[in-house]
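Laboratory data are not the source of any read-out in this text; all were calculated from the coordinates shown. Note that the structure is a prediction, hence the values are computed from the model and not measured. Glycine gets a Cβ as well: all are built from the backbone with ideal geometry, and neighbour counts include every protein chain shown.
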Amino acid sequence: MNKILITGGAGFLGSHLTEKLLKEGNDVLVVDNYFTGTKENLAHLLPNPKLELMRHDVTFPLYVETNQIYNLACPASPVHYQYDPVQTTKTSVHGAINMLGLAKRTRARILQASTSEVYGDPEVHPQPEEYWGKVNPIGIRSCYDEGKRCAETLFFDYNRQHNLDIKVVRIFNTYGPRMHPNDGRVVSNFIVQALQGKDITIYGDGQQTRSFCYVDDLIDAMVKMMNSEDGFTGPVNIGNPGEFTMLQLAETVLKLSGSKSKIIHQPLPSDDPKQRQPNIELAKAKLGWEPKVNLEDGLKETIAYFRKVVA
Ligand code: NAD
Ligand code: UDP
Ligand code: UDP
């Protein structure tokens, strides 16, 4: 049995991860400053005495005892990470230093929730882990992209310098129940707009692509990575290779929700990546993992969830 620390555990992915790890019988300590996460995300798990919640900002040191750390703390939606960009960089960089320091003292295994954003607006398609990316260091997305890149650097330096047991996953766009209705990311925006009969806001011409992974598949891979053989550090891509334009996504959401909403176009934010698709050969080989839920099935589950929350 493990004493597991999850930073960002009250967020979208963190709450699903907490649920799975509790189900497996582990002790889980969730550390979160509730910037984008909520206690409601974990309310159904609170009766379990193996769960402990702690309000704390990971940019400050944290002294607790643990033998596994999942470091997820960081706003993930562009709207939220651009709200206070300096805090976003601090969360990724100071947060990583503090959690790595904690892992060094406790000799805990530590996993970093990195992102496909480390590839930026990629010139290699689909993206394998060996690709170094094309990232603007001074744009409005840089606080997130460069913060996450620096966190990866710190993880690999703590591994080389202090022999820390690290695991790094690069997560591609993930969606599912418990995304916040005002999260601002495309899947939740389109579904909430469709259910409320509001216009569906496509940024730009809608020809940009993303590859969407259902949350259960993603969490399964993250836990497999944490428990993978000693010495396999990653980075490893985790995502669903099914690639869709934003126009296709909007049309699919309209069809599955039976909505009569209109599609409208709004300006494309700067530095918005044109295409993104994971190469998941490494995850298949090293973790024996591949996603099982296709976009339509995952959207149906997510739409059913949002009907209860916003309709
Ligand atoms: P989310 O915004 O729902 O969750 C982030 C959590 O971190 C929230 O609970 C928030 O309150 C907390 N947090 C933020 N700053 C903090 C700080 N300084 N101290 C303590 N807690 C803090 O986002 P999510 O989708 O659940 O993403 C979780 C992680 O996975 C993030 O690190 C994100 O970068 C990464 N990721 C997610 C996706 C995705 O598609 N969902 C893709 C790539 C990477
Ligand atoms: N740290 C922490 N919890 C711990 C141990 C360390 O938050 O249990 C923080 C500590 O404040 C330090 C950072 O992690 O700033 C990095 O720790 P490390 O031991 O690598 O560096 P040092 O303390 O030598 O600067
Ligand atoms: N997007 C959109 N309408 C929205 C929200 C997002 O067309 O209401 C687009 C956005 O410009 C981007 C894609 O959808 O091209 C994915 O955006 P998201 O914020 O979900 O994630 P990221 O850009 O970080 O991959």
Legend entry - Entries of LYS50/LYS224; LYS134/LYS262; LYS286/LYS308; LYS90/LYS134; LYS262/LYS300 with Cα pairs more than 27 Å apart: LYS134/LYS262; LYS286/LYS308
Legend entry - For the chain, with +1 on Lys and Arg beta carbons and -1 on Asp and Glu, the positive-most of LEU295, GLY14, LEU247 along the dipole: GLY14
Legend entry - Segment ARG307-ILE264, extension gain: residue separation times 0.36 nm, minus the distance between their alpha carbons: 13.3 nm
Inset, instruction - Mind checking which aspartates and glutamates have their Cα closer than 14 Å to the Cα of LYS39? Skip sequence neighbours fewer than 8 apart in that chain. - result: GLU19, GLU52
Inset, instruction - Could you list which residues have their amide H under 5 Å from that of VAL236, counting only those 5 or more apart in sequence or on another chain, with H placed in the peptide plane? - result: VAL168, VAL169, ARG170
Legend entry - Net length gained if the chain between ASP84 and GLU52 were fully extended (0.36 nm per residue, minus Cα distance): 8.7 nm
Inset, instruction - Return a whole-number percent for the relative contact order of the range 45-108, with Cα pairs under 8 Å and 6 or more residues apart as the contact set. - result: 45 percent
Inset, instruction - Can you tell me what the convex hull of the Cα atoms of the range 135-199 projects to on average, as an area in nm²? - result: 6.6 nm²
Inset, instruction - May I have the pair-distance distribution P(r) for the range 219-311, computed from all Cα-Cα distances with 5 Å bins from 0 and rounded to whole percent? - result: 2, 10, 16, 16, 15, 17, 12, 7, 4, 1, 0
Legend entry - Mean separation of Cα contacts under 8 Å (6+ apart) over length of the range 54-159, as relative contact order %: 32 percent
Legend entry - Residue list for the range 88-117, given a label point 7 angstrom along the Cα-to-Cβ vector of VAL64 and an amide N cut-off under 17 Å: 95-113
Inset, instruction - Please give the peptides 156-163, 263-270, 251-258, 65-72 ranked by average Cβ packing (other Cβ atoms within 10 Å per residue), highest first, as a rough proxy for protection. - result: 65-72, 251-258, 156-163, 263-270
